[in-house]
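Just below is one structure, and these are the notes that go with it.
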Amino acid sequence: MLLAIDIGNTNICLGIFKGKKLLYSWRLTTNKETTPDEYGLKILTLFQQVNLQARVIKGIIISNVVPPLTPVFEGLSKKYFRCQPLLVTWKLKTGLKIFYKNPEEIGADRIINAVAGYSLFGGPLIIVDFGTATTFDCVTEKGEYIGGAIAPGINISTEALYTHTAKLPRVEIIKPEKVIGRDTVESMQSGVFYGYIGLVEELVRKCKKELKNEKTKVIATGGLAELIAGKTTLIEKVVPDLTLQGLRLIWELNRDKLVNW
């Protein structure tokens, strides 16, 4: 079995694959101060809940945008699973051609989403990932990753209103019934939610225009994808496990680089 780990700024997503099938998935909070033993024991506890033993894991692949956690997860992979993990970088085989001015700058999660999206839907394609940041990644019909856009995530935007004002409260992100709020909380929820839909739609339109192909598909993933996608016709499909599926695909292309499979 394969353990796929996607380390994001807010959450760490874990997935267990048997062949192409995703058997289990979990989400942990990202904390740069957590030790390899602490994360290792948390993962083993999750395994116990579904009657899995650590020894069934024969390979580990890791995507990470939080550099201090790289040695943490390398350490726990070796100590608790006896595996040398495969770390995702743009240099691995992806099945895509990378057209980016400085490939070293591309977040591993963006590459992975592009790989999974192109495998599932072909191109041209726009992938919108609603994570800590909201990213828009574009792949051409020929499988060329050409870049995209990065915007503040909806949670960051909401938190900024709370932390940078004296009287505005912290609010829950929901779909308001009306755009015109009748109190401060409703007004904030409306501004964040509908304002964010406007941001997403405008960036998608402009990306489509630059891709110059009427057949461009738009898919979404990430924690708030379902909430936002439900209010715009520009997003055609939500794929919750897109990043984990991308990790599996990259593993299959690069597993020969490791000797412990």
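The values are calculated or read from the model by the stated rules, or taken from the named source; none is laboratory data. These figures come from a predicted structure and were not determined experimentally. Cβ placement follows ideal geometry from the backbone for every residue including glycine, while neighbour counts extend to all protein chains displayed.
The table below gives the values:
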item	result
Selection within region 130-167 - within 26 Å of Leu211 (Cα to Cα) and more than 16 Å from the chain's Cα centre (by Cα)	Val139, Thr140, Glu141, Lys142, Gly143, Glu144, Tyr145, Ile146
Members of region 206-226 that are touching a strand residue (DSSP E or B) at 6+ places or on another chain (Cβ under 8 Å) and of a type outside the set (D, E, K, R)	Cys207, Leu211, Thr216, Val218, Ile219, Ala220, Thr221, Gly222, Gly223, Leu224, Ala225
Top-ranked residue of region 175-190 - restricted to ones that are surrounded by 13 or more Cβ atoms within 10 Å (Cβ to Cβ) and either in a loop (DSSP other than H, G, I, E, B) or not charged (D, E, K, R) (or both), ranked as nearest to the chain's Cα centre (by Cα)	Lys175
Filter result for Ile127 (outside any helix (DSSP H, G or I) and modelled with pLDDT under 95)	no
Residues of region 212-233 satisfying the condition of being of a type in the set (A, V, I, L, M) and modelled with pLDDT under 95	Leu224, Ala225, Leu227, Ile228, Ala229
Every residue from region 194-223 that is within 25 Å of Val115 (Cβ to Cβ), of a type in the set (Val, Ile, Thr) and touching a Ser or Thr at 6+ places or on another chain (Cβ under 7 Å)	Val200, Thr221
Single unsatisfied condition, Gly230 versus (1) in contact (Cβ under 8 Å) with a residue 60 or more places away in the chain; (2) farther than 30 Å from Lys58 by Cβ	(1)
Per-region count, region 102-118, residues surrounded by fewer than 16 Cβ atoms within 10 Å (Cβ to Cβ) and touching a residue at least 12 places away in the same chain (Cβ under 8 Å)	2
Residue in region 83-95 that is closer than 30 Å to Thr216 by Cα and crowded, with 20+ Cβ neighbours inside 10 Å present	yes
Every pair of residues 6+ apart whose Cβ atoms lie under 6 Å, when the first sits in region 133-147 and is among the charged types (D, E, K, R) while the second is assigned to a strand (DSSP E or B)	Asp137/Ile127; Asp137/Gly148; Glu144/Lys97
